[in-house]
């Protein structure tokens with residue numbers, strides 16, 4: 001149910017450390033208000049699945065706060 005472009009963005013972020021677009025960044029940073037403000041209808045409909053995917057499938061060191069995201073990207 002996760003849009004393929006969103007899954008690919010998350011994958012590129014984790015594997016290649018490519019900064020994601022605003023919606024995915026907001027989700028990774030655990031910023032609910034920003035995610036709702038940035039998401040399109042397709043991503044908002046899949047938000048629960050996106051969060052479950054991030055929680056279960058990617059390293060916890062690369063999501064959860066702006067500081068973790070910035071550190072993961074090497075900034």
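Laid out as a table, the results:
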| item | result |
| --- | --- |
| Qualifying residues in region 12-21 (those that are free of Cβ contacts under 8 Å to residues at least 40 places away in the same chain and surrounded by 14 or more Cβ atoms within 10 Å (Cβ to Cβ)) - the one nearest to residue 69 (Cα to Cα) | 20 |
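Each row is one residue, and each column tells you yes or no for (1) more than 17 Å from residue 1 (Cβ to Cβ); (2) within 12 Å of the chain's Cα centre (by Cα); (3) free of Cβ contacts under 8 Å to residues at least 60 places away in the same chain.
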residue: 23; (1), (2), (3): no, yes, yes
residue: 29; (1), (2), (3): yes, yes, yes
residue: 33; (1), (2), (3): yes, no, yes
residue: 44; (1), (2), (3): no, no, yes
residue: 50; (1), (2), (3): no, yes, yes
residue: 57; (1), (2), (3): no, yes, yes
residue: 67; (1), (2), (3): yes, no, yes
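Each value in this text was obtained by applying a stated rule to the coordinates, not by laboratory testing. Note that the coordinates shown come from a computational prediction; the quantities given were computed from them, not determined experimentally. For neighbour counting, all protein chains shown are included, and Cβ atoms are generated from backbone atoms with ideal geometry for every residue, glycine included.
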